[in-house]
Amino acid sequence: MKPLSTPEQILAAMTYAEKLAQLQIVWRPDSTEAGALARNGAGALFWPATAKATNALQRTAVEESPHGIPLLIGLDVVHGQFTIFPTPLAQAASFDTEVAAADARLSAREARSTGVNWTFSPMIDVSRDPRWGRVVEGFGEDPYLNAVFGEAKIRGYQGDDLSSSTSIAACAKHFVGYSAAEGGRDYNSTDISVQRLRNIYLEPFKVAVTAGVASVMASFNAVSGVPMHANREMLTDVLKNEWGHNGIVVADAGGVGELVEHGVAANASDAGRLALSAGLDVEMGGSLLSGNEPIIREGVLDPARLDDAVLRVLRLKQALGLFENPYVDESAAATGPDEASLSAARATAARCTVLLKNHAAVLPLKPRGQRVLVVGPYAESKDHLGAWVQYFASPTTTSIVESLTAALPGSVVTALPSATFFDSDPGLQAEAAAAAAEADLVIVAVGEPSTLSGEASSRSSLNLPGDQEELIRAIAGSGTPFAVVLLTGRPLVVSEWIDQCPALLVAWHLGTEAGKAISDVLTGTVNPGGKLPMSFPRSVGQVPIYYNHESTGRPARTGGSLAHQRPDVGLTGPTNTDDYFKSKYLDLELGPQFGFGYGLSYTSFELESSPDQALSVALDGLRAGTRLCFTTIVRNTGTRDGDEVVQLYVSDLLASVTRPVRQLRGFHRVFVPAGEERRVTLTVGFDDLGFWTNDAHAGYIVEPGEFRIRVGDGLSFQEFRLTVTPPSS
Ligand code: NOJ
């Protein structure tokens, strides 16, 4: 057999047009176009929907294209291809990175078996504005949470060896700052300070690059006025040179052409030149060539930059093992979930649920002898897959009412035909209230349909759509105990009904096995142990609201109600002028309705923490790798087994720039049987105490001084003072 050519040898034989052809992933071509593109040496195509069609395209590329280079085959496998796992936001609520890793491993196995070798996931945009529909695709409002979940996804997709038949290339997206869209309106402008850029938005991407992510996707927004598809400082100076990303940088769909709309490129050719020169390697949307003719004139691009981009593509193909074996075994290709993937989907889904209220232990349901009524649009709906699933994703197998009926054979479970998510029907509400009066317990299954979150799905209101809030009030009026199950792609405003509602379980969009997983939690087979990865605001007017905001000069006291009446405007406000000129709203209580890290359980816990070492450390010791240990004893003081999440937050009390009031730097979800205790140790080191300054050359620094460490469960915390002393020399 002829030895395989190296990427460098292939490159040396390529013409200018052939090089540009390698630098594109063509946006969903039809089958005739796809064949022609493969024959002409296109670098990458979107998945043509079957293993057979993929093999045929690979055969055309290998046997008929100028250099026989196999194709990258891309697909947005975001939380599953056939077996759908919980949405990424839901996964973050598990505070268990193994949930994300399990999703990614199974997604990679399914996808690669069908010929897909490249996914556009994970999204690690730190998301602080729930109006933005894409919050569902990321891991919430905290950079550390996005970093560790992103890393788990990348390792799960890529495995130890990209050429394995169970690995695919990952893509960290969207680089960078896309989630800062003003007003939460998708694709809108952003304006991000150096502080936030470096310390908030870039952090998860830096971790992704360290984890060896194969590709990074440029975002649609601009940073400091320079659209990311043309942002040399970010794509080349930071991502490639400073961090050493040696994979590829891919455009978002149409992002290169949009440089014209942004008003920084005169035409398509100019846009392509700007993008490739800035450090973009692969264009998504197919506009570098017109037919076989390059849109950018030869000689315009720096030849070394062009070759670098092509080499990055060829090396990824080599790492994926595509030159040795471009084909997949069609007979082994996944076409749907199997038993193992369904059981992983069910177990992970239940771990993502968050119990926000459970007054008088309404939940879990009693095992038998109850009349349980299930009402609301989600009682019978099978719309559980969430945003970013493909049409061939396996449909949800069971609704909540079907699952509960199967799980509670000793009870009578009934559902009422209900209005849709958006309709208003007072007749149906009255009927539901009358039926509720006859029941022992009511499950009110409400929320947002999957289509209300995801790309281009921003909302200006965060209330439940349609008349679902009226339905909750009608059930409350019946006097029968009830629990609301909230299925949603984003944090919602629940303040208008939460006081009337005894129990609230957030069930996000949990994927293929959602119905069964929700039933597992409602019946107590699984004890909920998730925590919120994003704050639930009291009102849309508070947005953006997130726990890790910078200190202000005039902080208001958090918690409690602002009891004093302002007679002049008829609003509530603080009682004296000392409190008056503080950062607050006159007409709203301080703080979110439910904050980041909050979540209850069917059991109760007590936490007791202590540092294992003296709380003083020298900066040079920290730099050399010293880590301080905080050990927590978690006692399950209730009667059910359950999970608790120990969380560690750091506050830098005096620094040269204003720092966040606190930042998550570690967490651990631990299972504790009823009546028992477990020890959890979290550590703090150099990387947890510092920040990037405003001076790009100063890098990441830790400033000596006082720090506060808080360790707790999201409800209560123990506090420790840590002193970092200056270096000895
Ligand atoms: C546009 C989205 O912004 C991006 O996240 C996605 O990967 C691409 N389309 C490809 O589908």
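Observations, loosely collected:
- Residues whose placed amide H lies under 5 Å from that of Ser604, excluding near-sequence neighbours: Thr637, Gly638, Thr639, Arg640
- Across the chain, counting alpha-carbon atoms alone, Rg and Dmax equal 26.7, 90 Å.
- Full extension of the segment from Phe422 to Thr6, taken as 0.36 nm per residue of separation minus the current Cα-Cα distance, would add 144.0 nm.
- Arg371 accessible area, 1.4 Å probe, all protein chains in place, Å² to nearest 10: 110 Å²
- Exposure ranking of Asp641, Asp467, Asp687 by accessible area [1.4 Å probe, largest first]: Asp687, Asp641, Asp467
- Working note: Karplus 6.51/-1.76/1.60 with θ = phi - 60° gives the stretch 686-699 the couplings 3, 5, 9, 10, x, 7, 8, 7, 7, 9, 3, 7, 6, x Hz, where Gly and Pro are set to x.
- Compactness of the stretch 605-725 is given as radius of gyration and Dmax, 15.9, 55 Å, from Cα positions.
- Computed from point charges on the beta carbon alone (+1 for Lys and Arg, -1 for Asp and Glu), the dipole magnitude for the chain about its Cα centre is near 840 Debye.
- Virtual spin-label span in nm between Gln613 and Lys52, 7 Å along Cα→Cβ: 6.2 nm
- Relative contact order computed over the stretch 7-332 (Cα-Cα under 8 Å; 6+ residues apart), in percent: 19 percent
- For the stretch 277-339, taking the reciprocal of the average inverse distance between every pair of different Cα atoms yields a Kirkwood hydrodynamic radius of 15.0 Å.
- Phi angles of the stretch 399-404 translate, via the Karplus equation with coefficients 6.51, -1.76, 1.60 and θ = phi - 60°, into HN-Hα couplings of 7, 5, 5, 4, 5, 5 Hz per residue; Gly and Pro are given as x.
- Probe 1.4 Å - accessible area at Ser165, Å² to nearest ten: 90 Å²
- For Ala214, nonlocal amide neighbours, meaning residues 5 or more places apart or on other chains whose placed amide H falls under 5 Å from its own, are Ala170.
- Between Val300 and any residue 5 or more places off or on another chain, the built amide H atoms are never under 5 Å apart.
- Cα-based Rg / Dmax (Å) for the stretch 151-275: 15.0, 44
- DSSP beta bridges in the chain [antiparallel fraction, %, rounded to 5]: 60 percent
- Solvent-accessible area of the chain (1.4 angstrom probe, protein heavy atoms only): carbon and sulfur portion equals 51 percent.
- Sites Trp27 and Thr451 - FRET efficiency at Förster radius 22 Å, r taken between beta-carbons, to 0.05: 0.50
- Cα-only Debye scattering, the stretch 344-522: base-10 log of I(q)/I(0) at q = 0.09 Å⁻¹: -0.27
- The GluC sites (Glu not before Pro) of the stretch 659-729 that meet both conditions, a loop assignment by DSSP and at most 12 other Cβ atoms within 10 Å of the site Cβ, are Glu676.
- In order along the stretch 238-243, phi translates into HN-Hα couplings of 7, 5, 8, 7, 6, 8 Hz, rounded to whole numbers, per the Karplus curve 6.51 cos²θ - 1.76 cosθ + 1.60 with θ = phi - 60° and x for Gly and Pro.
- Set of lysines near Lys516 by C-alpha distance (under 23 Å), chain-local residues within fewer than 8 positions excluded: Lys357, Lys366, Lys382, Lys531
- Extending 7 Å from the Cα toward the beta-carbon at both Ala13 and Thr335 defines two label points whose distance is 3.8 nm.
- Using a Förster distance of 60 Å, the FRET efficiency for Ser728-Glu64 (Cβ separation, nearest 0.05): 0.35
- Share of alpha-carbon pairs per 5 Å distance bin for the stretch 56-157, given as whole %: 2, 14, 22, 19, 14, 10, 7, 6, 4, 2
- Sequence of Thr632, Thr335 when ordered by accessible area, the most exposed leading, probe 1.4 angstrom: Thr335, Thr632
- In the context of the full set of protein chains, the chain has a per residue accessible area of 37 Å² (1.4 Å probe).
- Dividing the convex hull volume of the alpha carbon atoms of the stretch 232-286 by its residue count gives 66 Å³ per residue.
- Two-site FRET efficiency, His359 against Arg554, from Cβ-Cβ distance with R₀ of 41 Å, rounded to 0.05: 0.70
- Formal net charge of residues neighbouring Val238 (Cβ-Cβ distance under 14 Å; K, R +1; D, E -1): 0
- With a simple spin-label model that places each label point 7 Å from the Cα along the Cα-to-Cβ direction, the separation between Leu654 and Arg185 comes to 4.5 nm.
- The residue among Ala433, Cys171, Val650 whose Cα reaches farthest toward the positive pole of the charge dipole of the chain, with charges on the beta-carbon of Lys, Arg, Asp and Glu, is Val650.
- Solvent exposure of Ser189, expressed as accessible area, is near 70 Å², computed with a probe of 1.4 Å over the protein chains only.
- Label zone at Arg678, where the point sits 7 Å out along the Cα-to-Cβ direction: the stretch 77-102 residues whose backbone N lies under 16 Å: 94-99
The values are calculated or read from the model by the stated rules, or taken from the named source; none is laboratory data. Keep in mind the model is a prediction, meaning the values are calculated, not measured. With ideal geometry, Cβ positions are generated from the backbone for all residues, glycine too; neighbour counts draw on all protein chains shown. The accessibility values were calculated without ligands, DNA or RNA, using every heavy atom of the protein model including side chains. Shrake-Rupley method; radii C 1.70, N 1.55, O 1.52, S 1.80 Å.
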